[in-house]
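To start, the structure under review is shown below, and the notes come after it.
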Amino acid sequence: MTKSIDDLKAAFAGESQANRRYLAFAKKAEDEGYLQAAKLFRAAAAAETVHALNHLRALGEVKSTAENIQAAIRGENYEATVMYPDFIADAEKDQDKKALASFRYALAVEKVHEALYTKALEALSKDAPVAEYYVCPICGYTFEGSAPDRCPVCNTPSTRFEKIS
Ligand code: FE2
Ligand code: FE2
Ligand code: FE2
């Protein structure tokens, strides 16, 4: 691996994190009534997304949709079977309740993502009807089709779910 490949990977990680950090900061600025600062955070976040996607494409990691779904399945499976179980054990050892709650939500949802991607890969077609998706704003639980009354992971009412366009 060349130094530039390492650099692209580091830059992709950094820009991706900056994007999400700025969106979290924008939401906080909005809550505090700083609308100009909120908008600047959103503008910079959009630019960091452009940088992150440029780096990812330069890495050659955006392939065909079938290959991309396979990559997504591998990533979700790793998170659900190795990464989050390890992190949960660490959080239990540290008695870090916030980390534990956050990791548990993610673990539950990555399993769902792996299943949804697996199903999507099997049925991959340009002519298939497009199902609706809903996301729980508290735990990220991802529903395909019609959403139940409450989130099965965190019990949030479905009126708060985000419908994906
Ligand atoms: Fe950037
Ligand atoms: Fe996921
Ligand atoms: Fe939830």
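Since every read-out is calculated from the coordinates, none of them should be taken as a lab result. Owing to the predicted nature of the structure, the values given are computational and were not obtained by experimental measurement. Counting neighbours? That spans all protein chains shown, and the Cβs are built from the backbone with ideal geometry, glycine included.
Please give the FRET efficiency for K93 paired with A123, using the beta carbon to beta carbon distance and R0 = 41 Å, rounded to the nearest 0.05.
0.50
Using a 7 Å offset from the Cα along the Cα-to-Cβ direction at both V82 and S102, what is the distance between the two label points in nm, to one decimal?
Spacing of the two 7 Å Cα→Cβ label points: 2.2 nm.
For the chain, how big is the tail of P(r) above 19 Å, as a whole percent of Cα pairs?
The share of Cα pairs beyond 19 Å in the chain comes to 70 percent.
Holding the Cα-Cα limit at 30 Å, pick out from K63/K119; K63/K111; K27/K163; K3/K126; K28/K97 the pairs that are longer than that.
Checking Cα-Cα distances, K3/K126 exceed 30 Å.
Any chance you could run the full-extension gain for S146 through T2? It's 0.36 nm times the residue separation minus the Cα-Cα distance, nm to one decimal.
The S146-T2 span can extend by a further 47.1 nm.
Per DSSP H run of at least 4 residues, take -39500 (n - 2.57); add these up for the chain, divide by its residues and hand me the 222 nm value, nearest 500 deg cm²/dmol.
The helix-only estimate for the chain comes to -22000 deg cm²/dmol at 222 nm.
Round to a whole angstrom and tell me the spacing of the C-alpha centers of the stretch 95-165 and the stretch 1-67.
Result: 23 Å between the Cα centres.
Relative to a virtual label point 7 Å from the Cα of E162 in the Cα→beta-carbon direction, which members of the stretch 18-34 show backbone nitrogen distances below 15 Å?
19-28
How much length is gained on full extension from A115 to I138, taking 0.36 nm per residue of separation minus their Cα-Cα distance?
Net length gain for the segment: 6.2 nm.
Find the Rg to Rh ratio for the stretch 79-165, where Rh is the Kirkwood radius over alpha-carbon pairs and Rg uses the same atoms.
1.05
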